[in-house]
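The next block holds one structure in the form of structure tokens; read it before the comments.
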Amino acid sequence: MELRAGPGNGLTDVAGLAVGHAGSDRLRSGVTVCVADRPVTAGVHVMGGAPGTRETDLLRPDATVGGVDALVLSGGSAFGLAAADGVAAGLRRMGRGFAVGDMRVPIVPAAILFDLGAGGDHGWDVSPYPDLGAAALAAAGPDIAQGSVGAGTGAIAGGLKGGIGTASAVLDDGTVVAALVAANPVGGVACPRSGRFWAAGAELGDEFGGHGPPDRLVPVTKPMRPGGATTIAIVATDADLTKAQATRMATAAHDGIARAVLPAHTPFDGDLVFACATARRPAPDAVGLMWIGHAAATCLARAIARAVFLARAAPGDTVPTWADRFDAQLRQNATVKRT
């Protein structure tokens, strides 16, 4: 099956989803929210050794709640879990949530990454994350900014700036699959010698430069500490999936992290993938589910590379961007080859 990108090459190509970001240059941190226009089936799978989560137990196939209203990716380490409070409050004002008597309780699973070492000011007394969560929800729409925004504001990927990335794919039967990621791994996303991305084999067009594959697998990492990194992501489809099938989709999508990050799923990462299904298209058969999982992994690998490729420099950065480190070198190499 040959995949092609959707019209926006992003998570909102999946009908029914919107994405919003909010960030703080002072904190060097932020929040990204994916909100659905109605409750959606969701699953989750964790493969990193240092995760930070909220309400992920509700996504087990045997849990009572059948749908979620929003998914939150946040910086701020454990403090960032409070971003879901702001999102839940905003959804409650909209009348959204799981019905409990005459009350509505919004279901907002969340995951966080560690960006406290990105140089921000963390001397606050009142957590800024609920307000950032509320702002990200209010900003949600069809257009998705990438790079150094939202939950990726303070992200670092290996020795380079990380960030937010997204990508989509359309299967032969018209099913749409997409990924959104906050890339902040211990491992590197590009060859430290050439700057070519480990995910180059999955690239569609020149969505992260079109520079081709690296020559060798040369691991590079940022300084390691327990809980000091993490790649957190959302994969989505417009197919009608059960919670068990959504969990299988999330599990398969982790292969995208392994294809794009070297090393991946370390004891220092909290690598986590949420999966959601908006049920705009019929349920897949077993073969169809296999291809959805494959597309989710491919989209996630591409999204990780796009996150780093599109990161932009800011005053006080502790690491360079991919563009500052490699763009001129690769352009020069391309010129030499042509001549």
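The values are calculated or read from the model by the stated rules, or taken from the named source; none is laboratory data. Remember, it's a predicted structure, so these values are computed and weren't measured experimentally. Ideal geometry is used to build each Cβ from the backbone, glycine not excepted, and the neighbour counts take in all protein chains shown. Just so you know, the surface numbers come from the protein's heavy atoms only, side chains and all, with ligands and any DNA or RNA stripped out. Shrake-Rupley method; radii C 1.70, N 1.55, O 1.52, S 1.80 Å.
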Counting just the Cα atoms, what span does region 1-144 cover along each of its three principal axes? Round to the nearest Å and put the largest first.
48, 42, 32
Placing +1 at every Lys and Arg Cβ and -1 at every Asp and Glu Cβ, with all other atoms neutral, what dipole size does region 88-247 have around its Cα centre, in debye to the nearest 20?
500 debye
Summed side-chain charge close to D215 - residues other than D215 whose Cβ falls under 9 Å, Lys, Arg +1, Asp, Glu -1:
+3
Return the loop-located trypsin sites (Lys or Arg not before Pro) in region 13-61 (DSSP other than H, G, I, E, B) with at most 15 other Cβ atoms within 10 Å of their own Cβ; answer none if there are none.
R26
Looking only at A139, A260, A182, which one moves most when the chain is put into a Gaussian network model with springs between Cα atoms under 10 Å?
A139
With an 8 Å cut-off on Cα pairs and a minimum separation of 6 or more residues, tell me the relative contact order of region 121-187 in percent.
25 percent
Taking the chain and dividing mean pair separation by its residue count, relative contact order in percent (alpha carbons under 8 Å, at least six apart)
24 percent
Please state, to two decimals, what the Cα-based radius of gyration of region 77-182 comes to when divided by 2.2 N^0.38 Å (N = residues).
1.27
Ordered by residue, what ³J(HN,Hα) values in Hz, to whole numbers, does region 60-76 give under the Karplus form 6.51 cos²θ - 1.76 cosθ + 1.60, where θ = phi - 60° and Gly and Pro are x?
4, x, 8, 7, 5, 5, x, x, 10, 8, 7, 10, 10, 10, 9, x, x
Under-5 Å amide H pairs with D115, H placed in peptide plane, nonlocal only:
G76, S77
From the C-alpha gyration tensor of region 132-172, square roots of 5λ in Å:
21, 19, 6
Rough spin-label spacing in nm, given labels placed 7 Å along Cα→Cβ, for V126 and D37:
3.6 nm
Gyration tensor (alpha-carbon) shape descriptor, region 159-270, a/c threshold 1.5
oblate
At 4 °C and 1.567 mPa s, grab the translational diffusion coefficient of the chain from Stokes-Einstein with a Kirkwood Rh over Cα pairs, rounded to a whole number in µm² per second.
67 µm²/s
In bins 5 Å wide, starting from 0, what share of all Cα pairs of region 154-200 does each bin hold, as a percent?
6, 18, 21, 21, 14, 10, 8, 3, 0
Whole angstrom only: what separates the Cα centroid of region 33-52 from the Cα centroid of region 250-322?
12 Å
Calculated from DSSP H runs of 4 or more alone, at -39500 (n - 2.57) each and per residue, what is the 222 nm mean residue ellipticity of the chain, nearest 500?
-7000 deg cm²/dmol
Fraction of accessible area attributable to carbon and sulfur, region 11-330 (%, probe 1.4 Å):
55 percent
Gain in length, R312 to D240, computed as 0.36 nm per residue apart minus the alpha-carbon separation, to one decimal in nm?
22.2 nm
Listed residues S29, S194, S77; largest mean-square fluctuation, Gaussian network over the chain with Cα springs below 10 Å, found at S194
Span-like helices, the chain: DSSP H, alpha-carbon axial extent 20 Å or more, mean Kyte-Doolittle 0.5 or greater, which ones?
286-309
Here, R4 and V100, labelled 7 Å along Cα→Cβ, have an inter-label distance in nm of 4.7 nm
For region 60-152, what does the accessible surface come to per residue with a 1.4 Å probe? Please give it in Å².
43 Å²
